[in-house]
């Protein structure tokens, strides 16, 4: 009989968890196009490029490589893979290490940029992987096109740390960049916040937090393929 009671308890727990997960605001209306005339398409008329197909092949091969790995092995594989992404690449940008109250970070400085223009960049990696090093291809390009000094931070990752620890690191970095640039203490003339994937999620969270804290707002927020709806 105790087995039946156990199953009933599990079923109720799952049901309550489902209610809790679905209790957020209904975002379904945003799945529909509001203004069809505003849509811009960037796909190639002749289909994906050779580079795209090559990347798909690499990911498929990687899927076979990780098959059967434990969670710990998958975590290590993901981190190593991302850290090795810049290997063999040459960058025109200069990378200047900096520490923000114990938080490792680096300034990414493309040639000839205006150091008073600044970007706080929050890397992706599912909150479990990634670093300023893994995203140097993105940050160096960001510095170039924005004509700005990019601050890439090494926020704390899960599962060794709580998710809120990483969020707190991002907040500390934002407060710091309001008062500091690559050449020392100074306020920015223009300030941007950007990030990809998990970093895009952090970017959107930061924008809301900055508003609520009544801090100097960023001049633009750039969220690249962000995690935006966890429900």
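Quick note: the coordinates plus some simple rules give every number you see, no bench work behind them. Quick caveat: nothing in here was measured; it's all calculated off a predicted structure. Neighbour counts are summed over all protein chains in view; Cβ atoms, including those assigned to glycine, are modelled from backbone coordinates with ideal geometry.
Classify region 114-181 from the C-alpha gyration tensor, please: rounded if a/c falls under 1.5, else prolate or oblate depending on whether a/b exceeds b/c.
Because a/c hits 1.5 or more and a/b fails to exceed b/c, region 114-181 counts as oblate.
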Rounded to the nearest 0.05, what FRET efficiency is calculated for residue 224 and residue 52 with R0 set to 22 Å and r the Cβ-Cβ distance?
0.85
Specify the angular offset, from 0 to 90 degrees and rounded to the nearest 10, of the alpha carbon long axis of helix 2-21 from the longest principal axis of the alpha carbons in the chain.
30
Using the alpha-carbon atoms, what tilt in degrees (0 to 90, nearest 10) does helix 136-146 show relative to the longest principal axis of the chain?
50
Count the DSSP beta bridges whose two residues both fall in the chain, then state the antiparallel fraction as a percent rounded to the nearest 5.
45
Once the convex hull of the alpha carbons of the chain is built, what does its volume come to per residue, in cubic angstrom?
213
Based on DSSP H runs of at least 4 residues, each adding -39500 (n - 2.57), what is the mean residue ellipticity at 222 nm of the chain after dividing by all its residues, to the nearest 500 deg cm²/dmol?
-13000 deg cm²/dmol
What's the angle, to the nearest 10 degrees (0 to 90), between helix 198-213's Cα axis and the longest principal axis of the chain?
80
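Classify region 79-196 from the C-alpha gyration tensor, please: rounded if a/c falls under 1.5, else prolate or oblate depending on whether a/b exceeds b/c.
oblate
Which FRET efficiency value, to the nearest 0.05, is calculated for residue 80 and residue 205 with the Förster distance at 25 angstrom and r the Cβ-Cβ distance?
On the way: r = 28 Å, r/R0 = 1.10.
Efficiency for this residue pair is about 0.35.
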Percent relative contact order of region 50-156, based on C-alpha pairs within less than 8 angstrom and at least six residues apart?
29
